[in-house]
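Asks: The structure that follows is given in the form of structure tokens.
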Amino acid sequence: MSLEDWGWDERWAAAFAAAPGRELLPARVILEQRGLFGVVTAEGERSARVLGGLRHKTADPADLPAIGDWIGVERVPGEKTMLVRRVIQRRTKLSRKAAGDAMEEQVIASNLDAVFVITALNQDFNARRLERFLTVCRESGAEPVILLNKLDACADPARYRAEAEAVAAGAPVVALSAATGAGMDALARWIRPGRTVGFVGSSGVGKSTLVNRLLGVQTMRTSATRASDERGRHTTTHRQMFALPGGGVLLDTPGMREMQFWDADRGLAQAFDEIDALASACRFGNCGHDSEPGCAVKAGVESGAVAPARLEAWRKLKRELEARASANKYPRKKGRS
């Protein structure tokens, strides 16, 4: 396969050529696992590692290689593993706060053209969780698309579709069945040569089944959901990219029960566009749409232009963003509780 099959184009070639440095090969990171990267070059797939020198020169750890990155690699005589010397500036970046107490950004993937936010047409469907995923995806710069999977097992898909469209803020909504293939043709709008799409969603929504359907082979392991609440177990344990037979690249990720924000002010405004559109008419520029007088958003709730649940969800996510920004500005020192 050529680099073009993995998304290489004239813009990437120009960005790579403009960067100074030694003779390097362009490559794309297609796998992250245990400190090593799987990369694809014009010579085929190889392994690569990052030396301490690059880590030392990189001020922000989030700028180190992540899956989806285009990088410059160097051959090492006598070794199969290449060295990562450079990361080409990203076009898009999907990221969240890393798990745990540390205030660190975790880059989920870079250089995605679209992100499929997958949820299931069953009792695990959660509109508030969907809003959170959409906020992070819009912040990334990639186009979000909502996929409602397991159409074959749903007696009333119209109800779920209506709930999804109510929080989509203009994002396309596609109902499909990865198991039977129903509705899959609609994905051709986003999956095509030269484009990269990523999958995000909770465990058990059928991401691995969808990957297998698109690849045409049983590549990813799948598992059944629990009968009690229709939630699933993790079957994908690492992030990995695949080049599709018909063109295009897709990224599969482990299921994510939560998506903590890192930096999502722009994404929040886009995910709640009906609130953002009214906010400019509020009496106060920093209106929190709560108890302030002259709030156009609260007036929108009274008129029916804004759903009360949407405003409450916006307030919750806004408070979380403000708390995250405060924690980033005044990080807790090590050794103190």
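What follows draws every value from the coordinates through simple rules; no lab data is involved. Note that this is a predicted model, so its numbers are computed, not measured. Cβ placement follows ideal geometry from the backbone for every residue including glycine, while neighbour counts extend to all protein chains displayed.
Asks: Just to be sure I understand the curve: with the Debye formula and one point per C-alpha of the stretch 94-252, what is log10 I(q)/I(0) at q = 0.19 Å⁻¹?
Replies: With one equal scatterer per Cα and no solvent, log10 I(q)/I(0) is -1.32.
Asks: Pick out, from ALA102, VAL145, ALA164, the residue whose Cα sits farthest towards the positive end of the charge dipole of the stretch 102-182, with +1 on the Cβ of Lys and Arg and -1 on the Cβ of Asp and Glu.
Replies: Final value for the positive-end residue is ALA164.
Asks: Considering only the other residues whose Cβ falls under 11 Å of the Cβ of TRP190, what net charge follows from Lys and Arg at +1 and Asp and Glu at -1? Mind showing how you got there, number by number?
Replies: Numbers: positive: ARG189, ARG192, ARG195; negative: ASP113, GLU143.
With Lys, Arg at +1 and Asp, Glu at -1, the net is +1.
Asks: Continuing with this model, one more query. Taking amide H positions as placed in the peptide plane 1.01 Å from N, state which residues far from ASN126 in sequence (5 or more) or on other chains have amide H under 5 Å from it.
Replies: Long-range HN contacts for ASN126: none found.
Asks: How would the stretch 10-163 be classified by its alpha-carbon gyration tensor: rounded, prolate or oblate, with rounded meaning a/c under 1.5 and the a/b versus b/c comparison settling the rest? Could you put the intermediate results ahead of the total?
Replies: Working: a/c = 2.45, a/b = 2.17, b/c = 1.13.
Judged from the Cα gyration tensor, the stretch 10-163 comes out prolate (a/c at least 1.5, a/b above b/c).
Asks: In the chain, what cysteines have no partner Cβ closer than 4.7 Å?
Replies: Those would be CYS137, CYS154, CYS295, since no other cysteine Cβ in the chain comes under 4.7 Å of theirs.
Asks: Relative contact order, percent, of the chain when contacts are C-alpha pairs under 8 Å separated by at least 6 residues?
Replies: On the way: 654 pairs, mean separation 50.2, N = 337.
Normalised by residue count, the contact order of the chain is 15 percent.
Asks: I need the phi-derived Karplus couplings for the stretch 238-252: 6.51 cos²θ - 1.76 cosθ + 1.60, θ = phi - 60°, integer Hz, Gly and Pro marked x.
Replies: For the stretch 238-252, the Karplus curve yields 8, 8, 8, 9, 10, 8, 7, x, x, x, x, 10, 10, 10, 9 Hz.
Asks: Something else now. When the chain is treated as a GNM, springs tying every alpha-carbon pair under 10 Å, which of GLY68, GLY44, GLY141 comes out with the largest mean-square fluctuation?
Replies: Between GLY68, GLY44, GLY141, it is GLY44 that shows the largest mean-square fluctuation.
Asks: Counting only other residues whose beta carbon sits under 10 Å from that of PRO61, what net charge do I get with K and R as +1, D and E as -1?
Replies: Numbers: positive: ARG55; negative: ASP60, ASP63, GLU104, GLU105.
Neighbourhood net charge equals -3.
Asks: Suppose only helical runs count, i.e. DSSP H with n ≥ 4. What mean residue ellipticity at 222 nm does that imply for the chain under -39500 (n - 2.57) per run, divided by all residues and rounded to the nearest 500 deg cm²/dmol?
Replies: Values: 9 runs with 93 residues, N = 337.
Only helices count here, giving -8000 deg cm²/dmol.
Asks: List the relative contact order of the stretch 90-162 as a percent without decimals, with contacts defined as Cα pairs under 8 Å and 6+ residues apart.
Replies: Numbers: 104 pairs, mean separation 24.5, N = 73.
Relative contact order for the stretch 90-162 comes out at 34 percent.
Asks: Give me a comma-separated list of calculated 3J(HN,Hα) values for the stretch 172-185, in order, Karplus coefficients 6.51, -1.76, 1.60 applied at θ = phi - 60°, integers in Hz, x for any Gly or Pro.
Replies: x, 10, 10, 9, 7, 10, 5, 6, 9, x, 4, x, 5, 4
Asks: Under a GNM of the chain (C-alpha, springs under 10 Å), which listed residue has the highest mean-square fluctuation: ARG189, ARG239, ARG213?
Replies: Per the Cα network of the chain with a 10 Å cutoff, ARG189 tops the list.
Asks: Is the C-alpha gyration tensor of the stretch 3-89 telling us rounded, prolate or oblate? Criteria: a/c under 1.5 is rounded; beyond that, a/b larger than b/c is prolate, otherwise oblate.
Replies: Note, shape of the stretch 3-89 comes out rounded.
Asks: Summing +1 for each Lys or Arg and -1 for each Asp or Glu, what net charge is found among the other residues whose Cβ lies under 13 Å from the Cβ of GLU45? The partial results should precede the final answer.
Replies: Details: positive: ARG28, ARG46, LYS80; negative: ASP5, GLU43.
So the environment of GLU45 carries a net charge of +1.
Asks: Expressed in nm to one decimal, what extension gain is obtained for the pair MET103 and GLN123 from 0.36 nm per residue of sequence separation less their Cα-Cα distance?
Replies: On the way: separation 20, 0.36 × 20 = 7.20 nm, distance 3.30 nm.
Extra length from MET103 to GLN123 when fully extended: 3.9 nm.
Asks: How big is the shadow of the Cα convex hull of the stretch 272-329, averaged over all directions, in nm²? Each step should come with its number before you reach the end.
Replies: Values: hull surface 16.1 nm².
Directional mean of the projected Cα hull area for the stretch 272-329 stands at 4.0 nm².
Asks: Arrange LYS97, LYS80 by Cβ neighbour counts within 10 Å, fewest through most, would you?
Replies: Numbers: LYS97 21, LYS80 8.
Going from sparsest to densest Cβ surroundings: LYS80, LYS97.
Asks: Related question: What residue among GLY285, GLY248, GLY201 has the largest mean-square fluctuation in a Gaussian network model of the chain, using Cα springs under 10 Å?
Replies: Of GLY285, GLY248, GLY201, the most mobile in the Gaussian network model is GLY285.
Asks: Let me ask something additional. Going down the list LYS150/LYS316; LYS80/LYS207; LYS97/LYS207; LYS150/LYS318; LYS57/LYS97, which pairs span over 27 Å between their C-alpha atoms?
Replies: On the way: LYS150/LYS316 30 Å; LYS80/LYS207 32 Å; LYS97/LYS207 22 Å; LYS150/LYS318 32 Å; LYS57/LYS97 22 Å.
Violating the 27 Å Cα-Cα cut-off are LYS150/LYS316; LYS80/LYS207; LYS150/LYS318.
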